[in-house]
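Peer 1: Structure provided below as structure tokens; questions to follow.
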Amino acid sequence: MDQRKQFVEDLSDQTDDFSRWYNEVVRKAQLADYAPVRGCMVIRPYGYGLWEHMQRLLDERIVEGFAPQVAWVTQGGNDALEERLAIRPTSEAIIGRMYSRWIESYRDLPVLINQWCNVMRWEKVTRLFLRTAEFLWQEGHTAHATAEEGKAEVLRMLEVYRDFAETDLAIPVHAGRKSAAEKFAGAEMTYSIEALMRDGKALQAGTSHDLGQHFAKVFDITFQDEQGKRQFVHQTSWGASTRLIGAVIMTHGDDQGLRLPPRIAPVQAVVVPIWRKDEERAAVTEFIAKVVEALRGRVRLYVDDRDQYTPGWKYNEHELRGVPVRIEVGPKDVAKAAVMSVRRDGRAKESIPLAALGERLPALLEEIQRALFESARAFREENTATARTVAEMEAHFATRRGFVAVPWDGSAAFEAEAKERTGATLRCVPLDQTPWAGLAGAGQDVALFARAY
RNA sequence: CGGGGCGUGGCUCAGCCCGGUAGAGCACCUGGUUCGGGACCAGGGGGUCGGAGGUUCAAAUCCUCUCGCCCCGACCA
């Protein structure tokens, strides 16, 4: 903060206190605020806009072949609750009972359902977006005739999450399987995508479970196969939640605030008018109308023509809120029939002629999208080490964080000892082992450990 | 669930130790001058000090109990 005047909008530095920085960003960027209900938050329009873009992009990847989304809502819109919040049993229990009624024959399979809804959980310790008592998520539940079909579905969805995280959220992730200790209790096998936050802690950003026949046996979900024999179905379930918003914040944010990937940014570019005299204002306003026209349907644009703030004030505010590109339009630009664009990541400036804007700005947004991903990936690589023994892991975690790749024989004993001595947990066994070729011996896989949220 | 911290205008906090009836900066409202990196001047509005008891002539301040939030550790998306 050096000699600068203190402003309400000023943020703590990430390196001073990451948790504090996170909380300040969430609230000052107006993503969410604490609700009067313990452990709950209110997602504000800007944060919800992020979620809506995530929904749209993820749905595009899921929907084909899926039943229309259903939603169980325990709270409607902005209305105050008239009744107590009902905490429902786990999704698997509800789905199990419904499936047992809906499935009779192999002709009914597979059943593919995906829904976006809110859920409540009993949580002692909460954190905005990362863990709250109530949260929004997407959950898919499928039922299949064979184990092979189920396993294929589980891996297909894991890949959907990986691609979504990397392509749309610009978050590099490791897709892999969980250990017996870390998997969902009701699952045969759990898979997840694991991301690395800027404070060096890992975050599970999506989950896909192979439920096998566990729930089918509990809820009696059976079908008659082609031979007329009664069989239990094979199920999967998978989900991703508003926790992803937390992942975006902690993967890309810097000391100035949020840096949003253009694909999910509610506002992709903000136009800031600059003028002194009334005639300048008229010319600038007129020119901005042309800018808006040039970008209509191509870029999510916001023209910040609020009178009560100076341009400099607006620059700071939109940087805090993570808007990928700022477009300055002043008398000098109007004279050149151009605008001055400034990137949120790195603040590189570029004068763009009005005539080129419609082509250039979308391209610029894609460049920023890629740059954010590459920067996050570089950070992750810098914060990934290798070890061969628990002692080596202990030495590493004594002074550093990040991922540690270590050969794992699959034993619970090794995992437990590592956790005990380092505080890090086994995040996953990556499906793609090629980055660590040669590290693991025969019959072993490389596992990734990290301190985690 | 253990350890620590904090609840005072919208925000950040001072006042509390040593009771005397609430203050600053920012934000907000009005008017004017401003506007290429957080503008300035003048005037103005707003707080039963988280809640409930108690002590006292008198409580933001002392005592008891509660509720909530944050941070750090053990369990979970």
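The values are calculated or read from the model by the stated rules, or taken from the named source; none is laboratory data. As the structure is a computational prediction, the values presented were derived from the model and not from experiment. In this analysis, Cβ positions are derived from the backbone assuming ideal geometry, glycine residues included, and neighbour counts consider all displayed protein chains. The accessibility values were calculated without ligands, DNA or RNA, using every heavy atom of the protein model including side chains. Shrake-Rupley method; radii C 1.70, N 1.55, O 1.52, S 1.80 Å.
Peer 1: Counting only residues 5 or more places away or on other chains, whose amide H sits under 5 Å from the amide H of residue A:253 once H atoms are built in the peptide plane?
Peer 2: So residue A:253 has HN proximity to A:259.
Peer 1: Relative contact order (percent) for region A:169-251, with alpha-carbon contacts under 8 angstrom and 6 or more residues of separation?
Peer 2: 26
Peer 1: Please identify the DSSP H helices in chain A that span no less than 20 Å along the helix axis (Cα) and have a mean Kyte-Doolittle hydropathy of 0.5 or more.
Peer 2: none
Peer 1: Give the dimensionless ratio obtained when the Cα radius of gyration of chain A is divided by 2.2 N^0.38 Å.
Peer 2: The value comes to 1.10.
Peer 1: Still on this structure, please answer the following. If you average 1/r across every pair of different Cα atoms in region A:327-424 and take the reciprocal, what Kirkwood value do you get, in Å?
Peer 2: It is 17.4 Å.
Peer 1: Keeping every protein chain in place, order A:296, A:162, A:451 by accessible area at 1.4 Å, biggest value first, i.e. largest first.
Peer 2: A:296, A:451, A:162
Peer 1: Of the accessible area of chain A, with the probe set at 1.4 angstrom, what percent is carbon plus sulfur?
Peer 2: Exposed carbon and sulfur together represent 50 percent of the surface.
Peer 1: Pairs of Cα atoms under 8 Å, at least six residues apart: use those to get the relative contact order of chain A, whole percent.
Peer 2: Once normalised by length, the contact order is 14 percent.
Peer 1: Just to confirm the filter: which chymotrypsin sites (Phe, Trp or Tyr not before Pro) across region A:256-347 are DSSP coil and have at most 15 other Cβ within 10 angstrom of their Cβ?
Peer 2: Counting only loop positions with at most 15 other Cβ atoms within 10 Å, the chymotrypsin sites (Phe, Trp or Tyr not before Pro) in region A:256-347 are A:309.
Peer 1: Restricting the calculation to Cα positions, tell me the Rg (one decimal) and the Dmax (whole number) of region A:386-450 in Å.
Peer 2: Just the Cα atoms of region A:386-450 yield Rg and Dmax of 10.8, 31 Å.
Peer 1: Of A:28/A:314; A:290/A:336; A:314/A:349; A:201/A:314, which sit over 21 Å apart, Cα to Cα?
Peer 2: Those over the limit are A:201/A:314.
Peer 1: Separate question: What number, rounded to the nearest 500 deg cm²/dmol, is the helix-based mean residue ellipticity at 222 nm of chain A, given -39500 (n - 2.57) per DSSP H run of at least four residues and division by all its residues?
Peer 2: That calculation yields -11000 deg cm²/dmol at 222 nm.
Peer 1: Pop a pseudo-label 7 angstrom from the Cα along the beta-carbon direction at both residue A:388 and residue A:163 and give the gap in nm to one decimal.
Peer 2: A separation of 3.9 nm, rounded to one decimal place.
Peer 1: Per residue, how many Å² of accessible area does chain A show with a 1.4 Å probe?
Peer 2: Accessible area per residue: 48 Å².
Peer 1: Here is a further query. Tell me which trypsin sites (Lys or Arg not before Pro) from region A:215-261 have a DSSP coil assignment and no more than 10 other beta carbons within 10 Å of their own.
Peer 2: Here the trypsin sites (Lys or Arg not before Pro) that fit, given the DSSP loop and packing criteria, are A:229.
Peer 1: Give me the net charge for the shell around residue A:429: Cβ to Cβ below 13 angstrom, other residues only, Lys and Arg +1, Asp and Glu -1.
Peer 2: -2
Peer 1: What shape does region A:269-364 have by the C-alpha gyration tensor, where a ≥ b ≥ c are the square roots of the eigenvalues, rounded means a/c under 1.5, and otherwise prolate means a/b greater than b/c and oblate the rest?
Peer 2: oblate
Peer 1: Under the rule of at least 5 residues apart or a separate chain, name every residue whose amide H is placed under 5 Å from the amide H of residue A:274.
Peer 2: Sorted by chain and number, the residues that satisfy this are A:329, A:330.
Peer 1: Around residue A:212, which amide H atoms from residues at least 5 apart in sequence, or from another chain, sit under 5 Å from its own amide H, with H modelled in the peptide plane?
Peer 2: HN-HN under 5 Å from residue A:212: A:188, A:235.
Peer 1: Semi-axes, largest first, in whole Å: what does sqrt of 5 times each Cα gyration tensor eigenvalue give for region A:16-252?
Peer 2: 33, 21, 16
Peer 1: Would you give the gap between the C-alpha center of region A:349-385 and the C-alpha center of region A:401-418, rounded to a whole Å?
Peer 2: Each part's Cα centre sits 36 Å from the other's.
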